[in-house]
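The values are calculated or read from the model by the stated rules, or taken from the named source; none is laboratory data. Since the structure is predicted, the reported quantities are computational estimates derived from the model, not experimental observations. Cβ coordinates were reconstructed from backbone atoms using ideal geometry, including for glycine residues, and neighbour counts include every protein chain displayed.
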Amino acid sequence: MSSAGSRDDSPPAREFRTAPAAVHDVHANLWLANLDFEDFPEEALADPEGVLRPV
């Protein structure tokens, strides 16, 4: 449920940047179906530089 004034009609991200150390995590989680692709761009956008980094 969105709050008043926010818009959820933007298209989902189709790409994201990742640090080399996080590539294996992305591959493994997608292969095992632990996460959906849409989860990764959201995580990358939380980073100040927009890069998915290993935990």
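Could you grab the pairs with beta carbons closer than 6 Å, sequence gap of 6+ or different chains, first residue in the range 3-23 and at pLDDT below 75, second one not hydrophobic (A, V, I, L, M, F, W, C)?
Sorted first by the residue in the range 3-23, then by its partner, the pairs are Asp8/Ser2.
May I ask you to list the residues in the range 24-38 that are part of a loop (DSSP other than H, G, I, E, B) and touching a residue at least 12 places away in the same chain (Cβ under 8 Å)? Spell out the reasoning first.
If we filter the range 24-38 for residues that are part of a loop (DSSP other than H, G, I, E, B), which is where we start, we get 33-38.
Scanning the range 24-38 gives a single hit, Glu38.
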